[in-house]
């Protein structure tokens with residue numbers, strides 16, 4: 001069984017890169033963003049946070065690149081750069 005603190009890897013089908021895409025589960029997303037689980041889902045429902053991707057059954061994960069881009073955009077907004 002995989003620990004929730006490990007990064008799940010999958011092949012990237014979104015571009016020509018052969019690098020694997022890191023997929024983060026909700027625990028990792030909350031750790032890295034500082035948001036609560038309910039805040040992640042609420043912001044996602046409003047379209048203010050990257051959408052999750054289905055894995056198997058009811059399991060979902062987030063593309064680490066999209067979450068990191070969201071973090072960078074928030075930092076830029078906080079610094080008055082956007």
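Bear in mind these aren't lab numbers, they're just calculated from the coordinates by the rules spelled out. Since we're looking at a predicted model, the values are computed, not measured. Ideal geometry is used to build each Cβ from the backbone, glycine not excepted, and the neighbour counts take in all protein chains shown.
For the stretch 58-73, filtering for residues that are under 18 Å from residue 37 (Cβ atoms) and over 12 Å from the mean Cα position of the chain (by Cα) leaves 2. If you check residue 34 against the conditions, is it under 13 Å from the mean Cα position of the chain (by Cα) and at positive phi? Yes.
When restricted to residues that are free of Cβ contacts under 8 Å to residues at least 40 places away in the same chain and part of a helix (DSSP H, G or I), the stretch 29-81 contains 27.
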